[in-house]
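The values are calculated or read from the model by the stated rules, or taken from the named source; none is laboratory data. All values derive from a computational prediction rather than experimental measurement. Neighbour counts are summed over all protein chains in view; Cβ atoms, including those assigned to glycine, are modelled from backbone coordinates with ideal geometry.
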Amino acid sequence: MGITVPVNGQLWYNTDSRILYTYDLVDDTWRTSSGLSIDSEPAFPVTADLKYDSTYHLLPTAPQLTVYNGSAFVSVAHEYVELKGEDGARGSAMTGLLTLSGDPTDPLHPVTKQYGEAIYLDILGTNAMTGDLDMGTKLITNVGNPTTDDHVGDRGYNDDRYLERDGTNPMAGTLNMGTNTITEVVDPD
């Protein structure tokens, strides 16, 4: 069979006998599955009966494949989500790395490191943008003062250092023209 540590509700299809089995944790045995019911319990369920429950209300709260454990139908997924230690005791923590099979193909899939690094900007600035930044109607705030010519400066920084073209802010110092001249001066009347 090749299944060394089965969990409650685990399915196994015997290709020789062409029979579907369900693991019963209570009796530690593989039982012949009697089939699958959808949203309604069999009148006389037996251990290892399967039921698809589209209104499952316990965690995880989503449609679930459930297995009858001798007293109730319980989520098969719960057995896989609840981590177990090497001794089979419940409540152990996962240790080590989790390797995903590939990049996500659905919005609810987890993201691999390689996918994240290729798609998203690192907050430390270690990878460069490859396209334009469209802020829509949003603003960029809390920009530090520029220290080189290619840095962005906020409006306050620029308003304090440059003259408005329409003359609304007065000069606060001497204008040094060097060897240049001022041209097209209009006579103030």
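Looking only at segment 114-171, count how many residues are over 29 Å from the mean Cα position of the chain (by Cα) and β-branched (Val, Ile, Thr).
Filtering segment 114-171 down to residues over 29 Å from the mean Cα position of the chain (by Cα) leaves 144-171.
From the residues that got through so far, the ones that are β-branched (Val, Ile, Thr) too are 147-148, 152, 168.
Number of matching residues: 4.
Any idea which of Gly167, Gly153, Gly144 is among the small types (Gly, Ala, Ser) and in contact with a His (Cβ under 9 Å, 6 or more places away or on another chain)?
Gly144
Let me confirm something: among Tyr162, Tyr157, which residue is without any contact (Cβ under 8 Å) to a residue 60 or more places away in the chain, within 30 Å of Gly173 (Cα to Cα), surrounded by 11 or more Cβ atoms within 10 Å (Cβ to Cβ) and among the aromatic types (Phe, Trp, Tyr)? Can you show your working first?
On the way: Tyr162 fails: surrounded by 11 or more Cβ atoms within 10 Å (Cβ to Cβ).
Going through Tyr162, Tyr157 in turn, just one is without any contact (Cβ under 8 Å) to a residue 60 or more places away in the chain, within 30 Å of Gly173 (Cα to Cα), surrounded by 11 or more Cβ atoms within 10 Å (Cβ to Cβ) and among the aromatic types (Phe, Trp, Tyr): Tyr157.
Among the listed residues Ser71, Ser101, Ser75, identify the single one that is within 30 Å of Arg31 (Cβ to Cβ), modelled with pLDDT of 60 or more and exposed (fewer than 13 other Cβ atoms within 10 Å of the Cβ).
On the way: Ser101 fails: within 30 Å of Arg31 (Cβ to Cβ); Ser75 fails: exposed (fewer than 13 other Cβ atoms within 10 Å of the Cβ).
After applying the criteria, what remains is Ser71.
Restricting segment 6-27 to residues that are in a loop (DSSP other than H, G, I, E, B) and closer than 16 Å to Phe73 by Cα, which is farthest from the chain's Cα centre (by Cα)?
Initial filter on segment 6-27 (in a loop (DSSP other than H, G, I, E, B)): 6-10, 15-18, 25-27.
Within this subset, residues satisfying the condition of being closer than 16 Å to Phe73 by Cα are 7-10, 25-27.
Working: Val7: 27, Asn8: 29, Gly9: 28, Gln10: 27, Leu25: 33, Val26: 36, Asp27: 38 Å.
This residue is Asp27.
Would you check which residues across segment 107-147 are surrounded by 11 or more Cβ atoms within 10 Å (Cβ to Cβ), β-branched (Val, Ile, Thr) and within 24 Å of Tyr157 (Cα to Cα) and list them?
Val143
What single numbered condition from (1) closer than 19 Å to Leu65 by Cβ; (2) surrounded by 11 or more Cβ atoms within 10 Å (Cβ to Cβ) fails to hold for Ile38?
Of everything listed in (1) closer than 19 Å to Leu65 by Cβ; (2) surrounded by 11 or more Cβ atoms within 10 Å (Cβ to Cβ), Ile38 misses just condition (2).
All but one of (1) modelled with pLDDT under 80; (2) loosely packed, with under 15 Cβ neighbours inside 10 Å hold for Thr29; state the number of the condition that does not hold.
Here Thr29 clears every test but (1).
Is it true that Met94 is in contact with a Leu (Cβ under 6 Å, 6 or more places away or on another chain), assigned to a loop (DSSP other than H, G, I, E, B), at negative phi and at pLDDT below 85?
Criteria met by Met94.
Go over the candidates Leu175, Leu108 one by one and state the one that is closer than 30 Å to Glu41 by Cβ, in a loop (DSSP other than H, G, I, E, B) and at pLDDT below 85. Show your work before the answer.
Working: Leu175 fails: closer than 30 Å to Glu41 by Cβ.
That would be Leu108, the only listed residue that is closer than 30 Å to Glu41 by Cβ, in a loop (DSSP other than H, G, I, E, B) and at pLDDT below 85.
Just to be sure I understand, how many residues within segment 158-172 are outside any loop (DSSP other than H, G, I, E, B) and among the polar types (S, T, N, Q)? Talk me through it step by step, then tell me what you get.
Restricting attention to segment 158-172, the residues satisfying the condition of being outside any loop (DSSP other than H, G, I, E, B) are 158-159.
From what's left, among the polar types (S, T, N, Q): 158.
Within segment 158-172, residues that are outside any loop (DSSP other than H, G, I, E, B) and among the polar types (S, T, N, Q) number 1.
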